[in-house]
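First the structure, in the form of structure tokens, and then the observations on it.
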Amino acid sequence: MSKVDVLLGLQWGDEGKGKIVDVLAPKYNVVARFQGGPNAGHTLEFEGVKHVLHQIPSGIFRSHTKNVIGNGVVLDPVVFRQEIEGLAKFKLALRENLFISKKATLILPTHRLLDHAYETAKGENKIGSTLKGIGPTYQDKIGRQGLRVGDILSDNFRERFEKLTEVHFKILRDHNVQFNWNELEKPFMEAIDFLRTFQLIESEYFLNQELRKGSTILAEGAQGSLLDIDFGSYPFVTSSNTVTAGACTGLGIAPRHIGEVFGIFKAYSTRVGSGPFPTELLDEQGELMRKQGNEFGSTTGRPRRCGWIDLPSLKYSIMINGVTQLLMMKADVLSVFSRVKVCTGYKLRDGRETDILPYELVNEKITPIYEEMDGWPGEEIKGEPLPKGLQAYIEFLERELAVPITLISTGPDRSQTIYRQPLFA
Ligand code: GDP
Ligand code: IMO
Ligand code: MG
């Protein structure tokens, strides 16, 4: 029996998951998304073209790879249709290579409206949600009243849709939300008809059959571990389990079938939306990182908050996920700094120092403790040997994190990838 490898972000999302899934996809028979939805924006770049995928797995450009949208995903049919239509010009075998779980939960137009209403009601304490309806849809799933992809095949789908939207309308009225329902309902129903023409399957059977056949499977995470509903900086998180365990529940894969866990992180840190970010740089250095790294959201276009790398939080993510290999992204972006900093611990409000990610993170100001080292200013990274400063930086991280950094990425293109060690035995 083969294994399911997992690739996921160890920070606050946007680590470069899309790029690496695309790079690794030729090694896999199947790529499967296990959670999240259109809040994700996964960027792939090759042959001078940049693609941003939201719900479709990042293996879609590889013609021999099957792509699965798993049961843990929340799927917006309207966004799905736009994504598929946007891909039409690339002549991909979408109807052959894309499979959607009947157990994935549907995002309705009212979920998006509710997302707006809840965020507005939170005022200053808003999460900074992407407003794609993620939270309210997972709420309905957990509240056992959600609609699922498989439901669109049943005769009473319309009835059930009306029943659920009626519940939503009541809440929206309480929030004084104005909307034109006809303008939202019609494209939704058209998108449902469109979705019906795809391969809607029992994906847990499909994936386990593939495993028995000896196929290789890569589970593609969305968001990042620090946005996980249980382990992230709650309440400033997304509404799903973004960690390795989420691949089991989000795909129907037993824990013993998990193989490699690729933990992907940026050589620095970014965060989009609200919530704690101990190493955030609110000065010109942060501005320079944002400019150099082009740190603007792939889904919302919002500027991303930037700061130095944070080892206590990375160690935490490595622990929760059981990371077996680290992949470091955007090493090129730090090439503008003559000195680079690494956060190795925090000082708490009462003066205590710690190298764990403390519960107090969300409610107290905690101050990072830094180790500073020489950078590799102006040096181009073309392969090994790496610039001396970068080599020292990587070796320092490997020692601290106790997991090998097997790959480094030096630019957005597929080709800008350096293997320090083979990723596969
Ligand atoms: P994801 O959500 O984890 O897939 O990441 P995003 O696509 O949202 O954000 C990553 C951004 O960094 C995208 O614009 C990528 O094209 C870009 N990127 C990926 N790897 C590198 C890299 O090594 N260097 C640089 N400069 N950009 C990169
Ligand atoms: P990818 O897969 C970065 C953030 C939002 C907000 C919080 C909750 O591209 O890495 P939500 O819309 O889920 O209710 O938002 O989570 N967020 C992301 N940040 N990358 C993402 O996905 C994100 N998906 C959600 O900015 O702070
Ligand atoms: Mg992204």
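The values are calculated or read from the model by the stated rules, or taken from the named source; none is laboratory data. Predicted model, so just to flag it, every value in this text is computed and none were measured. As a convention, Cβ positions derive from the backbone with ideal geometry for all residues, glycine included, and neighbour counts pool all protein chains shown. Accessible surface is based on the protein model in full, side chains and every heavy atom, while ligands, DNA and RNA are left aside. Shrake-Rupley method; radii C 1.70, N 1.55, O 1.52, S 1.80 Å.
Worth a mention:
- Strands (runs of 3 or more DSSP E) within region 309-380 that include 1 or more residues buried (at least 20 other Cβ atoms within 10 Å of the Cβ), hydroxyl-bearing (S, T, Y) and in contact (Cβ under 8 Å) with a residue 40 or more places away in the chain: 339-347
- For the residues H168, H175, H111, the requirement of being touching a helix residue (DSSP H, G or I) at 6+ places or on another chain (Cβ under 8 Å), under 30 Å from Y205 (Cβ atoms) and either in contact (Cβ under 8 Å) with a residue 24 or more places away in the chain or open to solvent by 40 Å² or more (accessible area, probe 1.4 Å) (or both) singles out H111.
- Taking the criterion of being under 29 Å from the mean Cα position of the chain (by Cα) and aromatic (F, W, Y), the only residue of region 361-387 that qualifies is Y370.
- Among the conditions (1) farther than 10 Å from E220 by Cα; (2) more than 9 Å from ligand 2 (Cβ to nearest atom); (3) open to solvent by 10 Å² or more (accessible area, probe 1.4 Å); (4) touching a helix residue (DSSP H, G or I) at 6+ places or on another chain (Cβ under 9 Å), the only one that K27 does not satisfy is (4).
- Residue satisfying condition, being aromatic (F, W, Y) and within 16 Å of ligand 1 (Cβ to nearest atom), within set Y370, Y393: Y393
- Leading residue by the ranking (nearest to E15 (Cα to Cα)) among those in region 44-55 that are buried (at least 18 other Cβ atoms within 10 Å of the Cβ) and in contact (Cβ under 8 Å) with a residue 60 or more places away in the chain: L44
- Residue tally, condition in a helix (DSSP H, G or I) and either under 9 Å from the mean Cα position of the chain (by Cα) or under 22 Å from S313 (Cα atoms) (or both), over region 10-24: 3
- Evaluation of L53 against (1) under 23 Å from L251 (Cα atoms); (2) away from ligand 1 (no atom under 15 Å from the Cβ); (3) of a type outside the set (F, W, Y) (one fails), failing number: (2)
- Selection status of K266, among the charged types (D, E, K, R), surrounded by 21 or more Cβ atoms within 10 Å (Cβ to Cβ), at pLDDT 95 or above and within 16 Å of the chain's Cα centre (by Cα): yes
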